[in-house]
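A short worksheet on the structure shown next.
The values are calculated or read from the model by the stated rules, or taken from the named source; none is laboratory data. Note that the structure is a prediction, hence the values are computed from the model and not measured. Counting neighbours? That spans all protein chains shown, and the Cβs are built from the backbone with ideal geometry, glycine included. Heavy atoms of the whole protein, side chains included, go into the accessibility calculation; ligands, DNA and RNA do not. Shrake-Rupley method; radii C 1.70, N 1.55, O 1.52, S 1.80 Å.
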Amino acid sequence: MTDRYRDETPWSERLAKGHRAGARGRNRDRAVNCGPRQDLPDRRRPRRYSTEIYRIENKPLSVTVCLKLGTPAVLHHLADIVVEVMREKAEKAHVRLHAYCLMPDHMHIICSVDRQYGDFPLFMRTLKREAGRRIHKNGEAQFAWQRDYWDRFILKDENVIEAINYVLGNPVRRGLCERAEDWPASEHMGWAG
């Protein structure tokens, strides 16, 4: 018996080689997940880098974290709290902020981690915990951070400027303001390359 593969390799041979069975419909219960192929290296990125990786790379990071805030009116009211906490925690964790933009459903941060003392996971953990605590104390019970965040290193200096422009232009693309400078919950703190 063969599946829908072009090479017409029998299902039992593909299974023995470590391929996943692509069963659909009535064959779904017979599908077996054999995990990654043994003949290929596992190139999946770890869920979260270690603190040392953020220090060693010494490259700027682009970070996106989703949140549940509500309307833009609520955002303007709470943005000051988030920005104040972000600045405090960045200083304590030795993270240099280059730009940020707080939107109604997510936040972008462009930052660098100090090579000797920086602790990026600590920065994100304490930022989310303390900002959430202060916002809830302020009476906004519906506010919530997404559990995880997305981060990636920006490898070239010219890409840092592009990333900063993208972050600052986010409210304009969403139709929340006419110009990036008009959005009160964003700021460019500088990039020295």
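Among (1) closer than 21 Å to residue 147 by Cβ; (2) open to solvent by less than 10 Å² (accessible area, probe 1.4 Å); (3) among the small types (Gly, Ala, Ser), which single condition is residue 99 missing?
(1)
Can you pull out every residue in the stretch 117-133 that is closer than 21 Å to residue 51 by Cβ and open to solvent by 10 Å² or more (accessible area, probe 1.4 Å)?
117, 119, 121, 122, 125, 126, 128, 129, 130 - these are the residues of the stretch 117-133 that are closer than 21 Å to residue 51 by Cβ and open to solvent by 10 Å² or more (accessible area, probe 1.4 Å).
Which is open to solvent by 10 Å² or more (accessible area, probe 1.4 Å) and not in a loop (DSSP other than H, G, I, E, B), of 167, 160, 172?
None of the others qualify; the one that does is 172.
Would you mind stating whether residue 152 is within 17 Å of residue 54 (Cα to Cα) and open to solvent by 60 Å² or more (accessible area, probe 1.4 Å)?
yes
Identify all residues within the stretch 107-116 that are open to solvent by 10 Å² or more (accessible area, probe 1.4 Å) and either modelled with pLDDT of 90 or more or at positive phi (or both); write none if there are none.
Matches in the stretch 107-116: 108, 112.
Restricting to the stretch 61-94, name every residue that is open to solvent by 10 Å² or more (accessible area, probe 1.4 Å) and either closer than 24 Å to residue 156 by Cα or assigned to a strand (DSSP E or B) (or both).
Scanning the stretch 61-94 gives 62, 64, 66, 67, 68, 94.
If residue 116 satisfies all but one of (1) in contact (Cβ under 8 Å) with a residue 60 or more places away in the chain; (2) of a type outside the set (Gly, Ala, Ser); (3) under 30 Å from residue 175 (Cβ atoms), what's the number of the condition it fails?
Going through (1) in contact (Cβ under 8 Å) with a residue 60 or more places away in the chain; (2) of a type outside the set (Gly, Ala, Ser); (3) under 30 Å from residue 175 (Cβ atoms) one by one, residue 116 breaks only (3).
Is it true that residue 136 is open to solvent by 20 Å² or more (accessible area, probe 1.4 Å), in a helix (DSSP H, G or I), touching a residue at least 24 places away in the same chain (Cβ under 8 Å) and not charged (D, E, K, R)?
It is false that residue 136 is open to solvent by 20 Å² or more (accessible area, probe 1.4 Å), in a helix (DSSP H, G or I), touching a residue at least 24 places away in the same chain (Cβ under 8 Å) and not charged (D, E, K, R).
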